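Here you go, one structure.
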Amino acid sequence: MTVTPTAGGGAAGAAASRVLTGAGLGHLGGHLELRSFGSPGPSARARAAEHAVRAALRTV
């Protein structure tokens, strides 16, 4: 899982991968683009990535 922007993307990518793995979809990969106002820290980006992936899984 790659996340853009790359600054702080490592924690967000790991968080997104954990959600996919928890849903039994750990074999999937992808790209997640997070857009925000200001400069959120790595933990905020990780929470946003988790939320985005969970929301996407609910729509499938």
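In degrees, nearest 10, range 0 to 90: what is the angle between the Cα axis of helix 42-58 and the longest Cα principal axis of the chain?
Its long axis makes an angle of about 30 degrees.
State the percentage of accessible surface on the chain attributable to carbon and sulfur atoms; use a 1.4 Å probe and exclude ligands, DNA and RNA.
Using a 1.4 Å probe with all protein chains present, the chain comes out at 59 percent carbon and sulfur.
Continuing with the same structure: Skipping prolines and chain starts, which residues have an amide H placed within reach, meaning under 5 Å, of the one on residue 32, given they are 5 or more residues away or on another chain?
Those lying under 5 Å, H to H, from residue 32 are 2, 3, 4.
Moving on. Can you give me the angle between helix 9-22 and the longest principal axis of the chain, using Cα atoms only, in degrees from 0 to 90, rounded to the nearest 10?
20 degrees
Related question: Would you compute, for the Cα atoms of the chain, the largest minus smallest coordinate along each principal axis and list the three values in descending order, in whole Å?
Here the spans come out as 33, 19, 16 Å, largest first.
Would you mind calculating the relative contact order of the chain from Cα pairs under 8 angstrom and at least 6 residues apart, reporting the percent as a whole number? Don't skip to the answer; put the middle values down first.
Details: 70 pairs, mean separation 25.6, N = 60.
Relative contact order comes out at 43 percent.
Any chance you could run the full-extension gain for residue 47 through residue 23? It's 0.36 nm times the residue separation minus the Cα-Cα distance, nm to one decimal. Don't skip to the end; give the middle numbers.
Details: separation 24, 0.36 × 24 = 8.64 nm, distance 1.66 nm.
My answer for the length gained is 7.0 nm.
The values are calculated or read from the model by the stated rules, or taken from the named source; none is laboratory data. Model, not experiment: these values are computed from the prediction. These accessible areas exclude ligands, DNA and RNA; they are computed on the full protein's heavy atoms, side chains included. Shrake-Rupley method; radii C 1.70, N 1.55, O 1.52, S 1.80 Å.
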